[in-house]
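*Asks:* One structure coming up, written as structure tokens, with questions to follow.
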Amino acid sequence: MIEPRGLFVGRGTEFRQAVRVMVGAVIAYLAYRLLHLEQGFWAVITVVLVLQSSVGGTMGAAFDRLVGTIVGAIIGAIAAMLLPHTLIGTGVGLALVTALAAYAAAVRPQLRIAPVTAIIALLGNLPGNSPGQFAVDRIAEIALGGVIGVAISLIIFPARSRGVLAQRVGDVLEQFESLMRSAADAMENGASPPGVPQQAPLRAALGAVETAMKDAERERQSRLADHGVPRAVPRTLWRIRNDLVHVTRGLESRLPDAVGAYFHPAAARLLRHEADVAAACRQAFAEHRRVVPLDSERHYAEFADAIAQLRAAQVAKGLDFEMIGRLFGEIFALQQLHRNCTDLIARIDEAAVAPAQNRLFGRRGDQTMPSSP
């Protein structure tokens, strides 16, 4: 059971978002009343829907909603003007507009609001109002809500997408660290390895990183802020995830003891080192600084020496083809994991030294107010 105090303590981000939405909704209400819009409540609804945790996210949501509204309103208005307003005519029109708008949304996910708008334009028009005027009014109301939403995100507790990106990258790296340490334990103790199906949350977290990166790029292209984060960061994180999948799959069957005596301790040490790398990268990226040196080359050299000793001992000679393939697959996956973790260090260091230009926000993102001109 959640204590009442737990609903508020440590909820600064949620509180700021609630304030943004509240202020935006009130401003949209006052705006549509002053402009005498017939159904201006769509502006209020739009503000509530488009306000995201970052400026870039709000801009993207507002743009997608506006474009989807325009497409849907045009489709619905054309159907309303061309088809007779009878039971059969409206039914045929409904089938046509929903099919066309749904197809457009399936091809372009940014148009997902188009089917809803098309249906409203066809069925929700007020008596005495032309379909064309209805479409124009909807577009104006949605545009008003989108503009207010973006303005609120810029003024009320403005949050840079880089701050959101740093948090989501940190979530991924924390999961990497946990998976690597679990795999190392499995190497040494014969414990159950972290299963591949259990990495579904990791895939979701990586998708969230890609979304935050797109939002940050949108801010940069709009000249609101330059996040300074290399675009290769999400790709490098995906590569590390793929390496971990190969490593954990290889643990599903244990190697013979004679081979494992050489391989498992060395592999476990390397995995624990890469877990330390993930933790160091997480902290460095959050603090916008270089990664603390961890002597990665020495750790990898120790792993390479152990593999050389395994080959020299010729203990793998009696293995069947499948087991040899699994052994060398594990070695290759660990080599790739090391290379990609090293590449991640380089990308985090690039982000630390990049001259991130920030015209509207302070350096700490969601916790700062706009910097003075």
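*Asks:* Given only helices, namely DSSP H runs of n ≥ 4 each adding -39500 (n - 2.57), what is the per-residue ellipticity at 222 nm of the chain, to the nearest 500 deg cm²/dmol?
*Replies:* Computed ellipticity for the chain at 222 nm equals -25000 deg cm²/dmol.
*Asks:* Ignoring ligands, DNA and RNA, please state the percent of accessible area on the chain from carbon and sulfur, probe 1.4 Å.
*Replies:* 61 percent
*Asks:* Now a separate question. Which whole-number value in Å² is the accessible area per residue of the chain, probe 1.4 Å?
*Replies:* Accessible area per residue, the chain: 51 Å².
*Asks:* How large is the dipole of the chain about the Cα centre if only Lys and Arg carry +1 and Asp and Glu carry -1, each at its Cβ, rounded to the nearest 20 debye?
*Replies:* So the magnitude is around 800 debye.
*Asks:* Moving on. Ranked by accessible surface with a 1.4 Å probe, highest first, in what order do 63, 263 come?
*Replies:* 63, 263
*Asks:* Report the convex hull volume per residue for the chain, counting only C-alpha atoms, in Å³.
*Replies:* On the way: hull volume 71.6 nm³, N = 373.
Considering the Cα atoms of the chain, their hull volume per residue is 192 Å³.
*Asks:* A further question on this structure: Output wanted: per-residue J couplings in Hz (rounded whole) for the stretch 160-165, from phi through Karplus 6.51 cos²θ - 1.76 cosθ + 1.60, θ = phi - 60°, x for Gly and Pro.
*Replies:* So the Karplus estimates, Gly and Pro as x, are 6, 5, 4, x, 5, 4 Hz.
*Asks:* Of 280, 95, 268, which has the largest mean-square fluctuation in a 10 Å C-alpha GNM of the chain?
*Replies:* 95
*Asks:* Quick one: what does P(r) look like for the stretch 73-117 with 10 Å bins over all Cα pairs, in whole %?
*Replies:* P(r) over the stretch 73-117, rounded to whole percents: 32, 49, 18, 2.
*Asks:* OK, next. What list of ³J(HN,Hα) values in whole Hz, one per residue of the stretch 249-258 in order, does the Karplus curve 6.51 cos²θ - 1.76 cosθ + 1.60 (θ = phi - 60°) give from phi, with Gly and Pro shown as x?
*Replies:* Once rounded to whole Hz, the list reads 5, x, 7, 5, 10, 6, 6, x, 4, 5.
The values are calculated or read from the model by the stated rules, or taken from the named source; none is laboratory data. All values derive from a computational prediction rather than experimental measurement. Cβ coordinates were reconstructed from backbone atoms using ideal geometry, including for glycine residues, and neighbour counts include every protein chain displayed. Side chains included, ligands, DNA and RNA excluded: accessible areas come from the protein's heavy atoms. Shrake-Rupley method; radii C 1.70, N 1.55, O 1.52, S 1.80 Å.
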